[in-house]
Every structure is written in C-alpha cells, then in structure tokens.
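> Take this structure, written in structure tokens, and hold onto it; I'll ask about it next.
FYI, it's all coordinate maths here, none of it is from the lab. What you are looking at is a predicted structure, and each value in this text was computed from that prediction instead of being measured. Every residue, glycine among them, receives a Cβ derived from its backbone with ideal geometry; neighbour counts consider all protein chains shown.
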Amino acid sequence: MTIELRIQEQYQLWMNDPAIDDNTKLELKGIANEPKEIEDRFYRDLEFGTGGLRGVIGAGTNRINLYTVGRATQGLAQFIKKSQKSSPSAVIAYDSRNQSPEFALEAAKVLAGNGIKAYVFESLRPTPELSYAVRALKADAGIVVTASHNPPEYNGYKVYGADGGQLVPEQAEQVIAEIQKVQSFSDVQRETRLQAETKGLLQWVGQDLDESYTQAVTAVSLNSDIVKQMSDNFRIVFTPLHGAGNLSVRAVLQAIGFEQVSVVAEQELPDAKFSTVKSPNPEEKDAFSLAIRLAKQVDADIIIGTDPDCDRMGAVVKDADGEYFVLTGNQSGAIMVDYLLSSLKQRQALPQNGVVIKTIVTSEMGAAVAEHYGVETLNTLTGFKYIGEKMTQFEATKEAEFLFGYEESYGYLAGNYARDKDAVIASMLICEAAAYYKNQGKTLYEVLQELYERHGYFLEKLESRTLKGKDGVEQIQAIMEDWRSEPPVEINGQQVAKVEDFSLGLYGLPIENVLKYTLADNSWFCLRPSGTEPKIKVYFAVRGDSAQAAEDTVRGLVTAVMSRVDQ
C-alpha cells in the first residue's frame with residue numbers, strides 16, 4: 001500500500017469510527033478537499049517522543065486530541081498494570097493551554113477505567129510540582145498536559161515514572177509498545193467522571209500538596225537571613241507569561257522573605273492564546289518587553305519570567321550602564337552554580353562527593369566554576385530526564401551527592417525533592433543570589449563579569465531552523481545524514497579535532513541522533529533535531545581570552561556551519 005492510500009485509509013477510518021464524536025468528524029469533513037492538510041494530519045501517528053506526545057491540537061492521528069490522549073493513556077495504564085501492584089496510582093497536572101483540563105480529565109477517566117487511581121490537581125500547576133507529587137504520593141506514574149513554550153496551537157502529554165522523572169528511553173519504549181497494542185479507540189477503557197469519583201479512582205488534590213511543595217523548595221534556600229535583611233530595598237518583577245507559575249513562584253519568594261515583588265498585570269492570569277507575546281518563552285528577549293517596562297517604573301533589581309508550565313526560568317539584570325540585560329540559560333546556570341557552591345563552601349557544607357550535572361549542549365563555563373570548588377561535573381544527553389535519572393541513581397547508590405543540574409534551555413534544579421527542571425526553585429535561587437550580592441554592593445551582571453575574568457570568556461549561540469510537516473521531517477533527516485556521512489575536516493580556520501556521533505551510544509549514554517564536533521581551539525558545535533518541535537537545532541560554544549575575541553570566533557563559526565546547513 002502506498003503512503004497516499006494509507007493516509008486516505010486512516011482518514012476514512014476516523015470518519016467512520018463509531019467511537020469518534022460528531023464534532024470531530026465535522027472538523028475532518030471540513031478538510032475533505034484539502035489533500036495536503038489530510039496528509040499532515042494522517043501521515044503518521046503523533047510520535048511518543050521526548051517523554052510523551054506533543055503536537056498541534058486537532059483531529060487526526062498526527063494531532064493531539066481526546067482520542068490520541070486516550071489511546072496513549074490506555075497504553076500507559078497497561079504498562080503500569082504490568083508492575084502488578086495491588087493499588088496502582090498516577091498523578092495528573094496540567095497548564096493553561098487550550099483543552100488542557102479536558103485532556104487531563106480524559107487521562108484520569110481512562111486510568112480509572114483500568115482500575116488505576118488518578119490524583120488530579122484541581123487547577124493548573126507547575127510541571128515540577130507534578131514531579132514532586134509523584135514522589136510525595138508514592139504514585140507509580142505521572143502525567144502533565146502541557147506543550148511547554150510551544151505556540152498556542154500546540155498541546156502535549158508528558159509521562160513520568162515512579163521516581164518523579166520523565167520516562168527515559170527504555171521505559172518510553174515499553175510504553176510505546178503498549179500503545180501500539182491499542183488498535184482501535186473502542187479498545188480504550190474509561191469510566192465517567194462520576195463513576196471514577198464514586199469508586200475512589202479519581203481524587204482531586206490541591207492546597208495540601210501546594211504547601212508541602214513550597215516547603216520542599218524553600219528548604220533549599222541558602223541565605224534567607226540576608227533576603228530578610230534586604231527585603232525593604234530589593235525589588236523583583238515577575239511574569240508568569242500567562243502560565244502556571246504565578247501562585248507558586250510568589251508563594252516561595254514570600255516564604256523566604258522577599259516582600260517587594262511586582263507581577264506584570266497583563267501577563268498574570270492564564271491565557272491560552274498567550275496574547276501579549278509572540279512566544280511564551282523566557283528564552284526570547286521579546287517575552288520580557290512588558291516586564292522590562294514595569295521594571296523601569298519600579299527600579300527593579302531583577303526580572304524573572306517562567307514559561308507556561310513553569311519548568312523554565314529566564315532572568316534579566318541591570319548591566320554596567322543600568323540597562324536591563326537578558327541572561328542566557330548558560331549564564332544564569334553558571335551564576336547559580338557559583339552561588340550555590342560558594343555558599344556551601346562558606347558554611348563548610350560542601351560534600352566531598354558532590355556533583356553538578358549538565359547536558360552535552362550546555363556551556364562548559366559551569367563545569368569550570370564547579371572545578372574551581374573541587375566539584376565534579378557530569379554530562380548527560382539533552383533532556384532533563386537524563387539528569388533526573390542520574391539523581392535517582394545517586395540516591396540509591398550514594399556514590400555521589402547531587403548539588404545542581406541544569407541545561408542551556410533555561411532548566412535548573414537544586415535539591416532532591418523532584419526529578420525535573422523547576423522554574424520555581426530557579427526563581428528563588430537567582431533572586432536570592434541577586435539579593436546576597438547586592439548586600440555586598442554587586443549586581444549579578446558584575447558577578448558574571450568576575451566569573452569571565454576568572455574562568456575565561458565563554459560564549460554560546462543557538463541557531464534553529466523550523467521545518468514543518470512530512471517534508472520538514474525528511475529535510476531534517478537529510479541534513480543530519482549529510483553531516484554524518486561527510487564530516488568536515490576544517491571549519492572556520494580550525495581543524496576538527498573530534499567528532500562525536502551519539503547515535504552510536506557513546507560513553508554508555510542512550511542512543512540519540514546528535515552530532516558534536518570539537519575544534520582544535522576547543523570551540524564546538526552540535527547538530528540535534530528537536531524532540532518536541534519540528535526543528536533542527538545547532539548549538540555553538542567558544543571560549544576566548546576576551547569578550548571581543550569570543551564574539552569574533554562564534555560569529556565566524558556560526559556563519560561557516562549554517563551556510564552548509566542551509567544549502
């Protein structure tokens with residue numbers, strides 16, 4: 001059967017399936033004369049990729065909807081039941097996106113239909129609180145309905161294991177195998193909400209877990225005494241970017257003593273359209289436009305912003321001219337590593353076997369900072385699930401003590417209460433560091449310059465190309481194959497000293513479609529197809545003797561590499 005015939009067959013199956021509701025069929029009928037749209041919706045099943053599903057909301061196998069969520073949950077339920085626990089359970093949270101509550105409830109009803117108790121948050125909550133709740137409630141799994149910082153038309157479905165971490169590949173493959181056994185939507189077992197509640201298989205959770213989570217986060221605070229001293233003259237501007245972080249971040253900041261916190265009113269409340277920003281992503285400077293305007297009005301010392309599911313945090317600080325400067329994820333990470341390790345050392349609490357964990361595409365600056373304090377840095381593949389996996393390993397073996405984990409894409413974690421990146425604790429730590437150094441007469445920008453002077457001028461850049469649909473998938477594959485089959489000998493006047501193809505399972509890491517090239521001057525670049533978006537990402541990192549030298553090197557490297565990527 002040709003792919004065109006298979007696409008049409010899938011389309012007709014949905015149109016004729018009695019398990020699919022009339023509104024969904026009406027939506028599909030509306031595209032009957034749009035072959036490209038039918039192709040995009042049905043040329044594949046929505047891939048259960050980086051921890052779960054993520055896609056455009058709509059009808060079709062390559063879309064996220066009640067049916068693809070139900071099918072995925074049926075597969076997850078079958079995976080959970082294989083553990084043969086007497087009273088299996090899972091926790092479900094969701095963010096502010098379109099249909100997030102509906103997808104969360106659908107997942108709960110399917111779990112209940114399989115005899116699995118679902119603890120569901122009564123309203124939107126940060127993703128890291130879900131990770132904490134799985135551990136606190138001793139559940140067997142977790143689900144978060146979110147598409148992180150994707151555009152408004154997207155939603156997603158992330159799955160967590162019993163340790164509170166996103167599923168790693170071995171676990172995900174088992175869940176995928178179970179999902180593939182669900183051949184028809186009529187195979188999906190579900191209860192009604194009333195039936196599930198009556199049987200005790202659907203329990204709503206909220207304030208008690210919120211308070212417990214806040215306590216777990218604030219327990220990691222290092223200098224709350226100084227925060228309280230500075231409370232009258234230290235000002236924070238915070239934007240949750242219409243997402244789930246509003247109440248949680250404010251609760252934690254208040255709990256450790258911050259009193260001057262101004263929230264961007266236009267972005268305070270949930271808004272599935274994210275109508276005040278081009279992208280609800282704290283990695284983007286434009287996302288902070290309203291926050292910077294407010295910060296100038298109140299003379300804020302720091303601005304923090306969290307993404308829709310509150311697992312990523314971006315920070316903005318004053319530079320040498322008093323202008324607001326957006327820190328990169330790598331810069332914020334290095335500052336927090338230094339603040340955390342220096343504070344622990346100062347109180348003689350730095351463990352001998354402490355470790356910092358980062359990803360292979362994250363700057364080496366944090367590793368240089370950690371080495372300064374005699375702390376080892378470990379590298380994992382991209383994705384916080386791998387950092388969480390290491391944390392769980394260390395918790396069991398005691399071979400190392402986790403201190404801090406981070407990735408360049410604005411994800412950070414300290415403490416052992418969760419297994420996913422947490423914008424709540426990152427907000428607390430970056431603000432606490434800013435208050436701590438202000439008490440010494442320094443800004444975080446000045447601290448960053450001191451780190452450059454001490455460790456070298458590290459500079460990183462990320463380029464990405466969005467390539468949508470079936471054709472885009474093929475283009476991304478072709479780009480990776482081109483670089484894999486004909487690796488460069490020289491780039492930007494530098495010999496290629498090392499080629500690392502992580503699809504070969506290097507260093508005992510899982511297999512992943514990532515290529516990394518290290519040059520003779522120790523600069524590097526890395527090609528990686530995104531696991532959550534229709535993008536190919538290219539990461540660049542250099543280290544210079546001066547800021548200008550680093551800028552010159554990275555500019556030349558980007559030009560040389562992207563000219564081949566864009567061919």
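> Dividing the Cα convex hull volume of region 1-42 by residue count, how many Å³ per residue is that?
60 Å³
> Label points 7 Å out from Cα along the Cβ direction at Lys296 and Asn513: separation in nm?
The answer from the label model is 4.4 nm.
> Would you be so kind as to identify which of Gln180, Gln84, Pro169 lies farthest towards the positive end of the dipole of region 44-205, taking Lys and Arg as +1 and Asp and Glu as -1 on Cβ and the Cα centre as origin?
Gln84
> Next question, about the same structure. Pop the C-beta distance of Ser289 and Glu450 into the FRET formula with R0 = 25 Å and round what comes out to the nearest 0.05.
Approximately 0.30, to the nearest 0.05.
> Under a Cβ-Cβ cut-off of 15 Å, what is the net charge of the residues other than Phe402 that fall near it, where Lys and Arg count +1 and Asp and Glu count -1?
-2
> Pro282: net charge of surrounding residues, Cβ under 9 Å, Lys/Arg +1, Asp/Glu -1, itself excluded?
Local charge sum for Pro282: -2.
> Relative to the longest principal axis of the chain, what angle (0 to 90°, nearest 10) does the C-alpha long axis of helix 384-397 take?
80 degrees
> Express in nm, to one decimal, how much length is gained between Gln180 and Leu26 on full extension, taking 0.36 nm for each residue of separation and deducting their alpha carbon distance.
Contour length minus the Cα-Cα distance gives 52.8 nm.
> Which order do peptides 56-64, 487-495, 92-100 fall in by mean Cβ count within 10 Å, highest first?
92-100, 56-64, 487-495
> Follow-up. Between beta-carbons, use under 9 Å as the cut-off and find the net charge around Gly411, counting Lys and Arg +1, Asp and Glu -1.
Combined, the nearby Lys, Arg, Asp and Glu give -3.
> Report the FRET efficiency, 1/(1 + (r/R0)^6), for Val565 and Gln348, where r is their Cβ-Cβ distance and R0 is 35 Å, rounded to 0.05.
Efficiency at R0 = 35 Å is approximately 0.10.
> What GluC sites (Glu not before Pro) does region 51-159 have in DSSP loop regions with at most 16 other beta carbons within 10 Å?
Glu122, Glu153
> Continuing with this model, one more query. With angles folded into 0 to 90 degrees, how steeply does helix 444-455 sit against the dominant principal axis of the chain? Use alpha carbons for both and round to 10.
That works out to roughly 80 degrees.
> Enumerate the calculated ³J(HN,Hα) couplings along region 291-301 in order (Karplus 6.51 cos²θ - 1.76 cosθ + 1.60, θ = phi - 60°), each rounded to whole Hz, writing x wherever the residue is Gly or Pro.
Result, ordered by residue: 5, 5, 4, 5, 4, 5, 5, 9, 6, 6, 7 Hz.
> Please figure out what share of the DSSP beta bridges in the chain is antiparallel and state it in percent, rounded to the nearest 5.
Beta bridges within the chain, antiparallel portion: roughly 60 percent.
> State to the nearest 20 debye the size of the charge dipole of region 44-205 about its Cα centre, where the only charges are +1 on K and R beta carbons and -1 on D and E beta carbons.
Its charge dipole is roughly 260 debye.
> Hey, what did the chain get for relative contact order, percent, Cα under 8 Å, at least 6 apart?
Contact order relative to length: 12 percent.
> Mind ordering 526-538, 467-479 by average Cβ neighbours within 10 Å, highest first?
Result, highest mean first: 526-538, 467-479.
> Return one number: the angle in degrees, 0 to 90 and rounded to the nearest 10, between the long axis of the Cα atoms of helix 100-113 and the longest principal axis of the Cα atoms of the chain.
Helix 100-113 sits roughly 60 degrees off the main axis of the chain.
> Obtain the nm distance between the two label points defined at Lys468 and Glu266 by a simple spin-label model: each point lies 7 Å from its Cα along the Cα-to-C-beta direction.
Each label point is offset 7 Å from its Cα along the Cβ direction, giving 2.6 nm.
> By how many nm would the segment from Glu259 to Glu490 grow when fully extended, if each residue of separation counts as 0.36 nm and the alpha-carbon distance is taken off?
In short, 77.7 nm is gained.
> Modelling each spin label as a point 7 Å along the Cα-to-Cβ direction, I'd like the Asn439/Gln203 distance in nm, to one decimal.
Each label point lies 7 Å from its Cα, and together they span 4.1 nm.
> Here is a follow-up. Calculate I(q)/I(0) for the chain by the Debye formula, one identical point scatterer on each C-alpha and no solvent, and give its log10 at q = 0.07 Å⁻¹ to two decimals.
-0.41
> Same structure again: Please get the size of the charge dipole for the chain, origin at its Cα centre, with Cβ charges of +1 on Lys and Arg and -1 on Asp and Glu, quoted in debye to the nearest 20.
Computed charge dipole of the chain: roughly 980 debye.
> Report the paramagnetic label zone for Ala396: residues of region 126-170 whose backbone N is under 11 Å from a point 7 Å from Cα along the Cα-to-Cβ axis.
163
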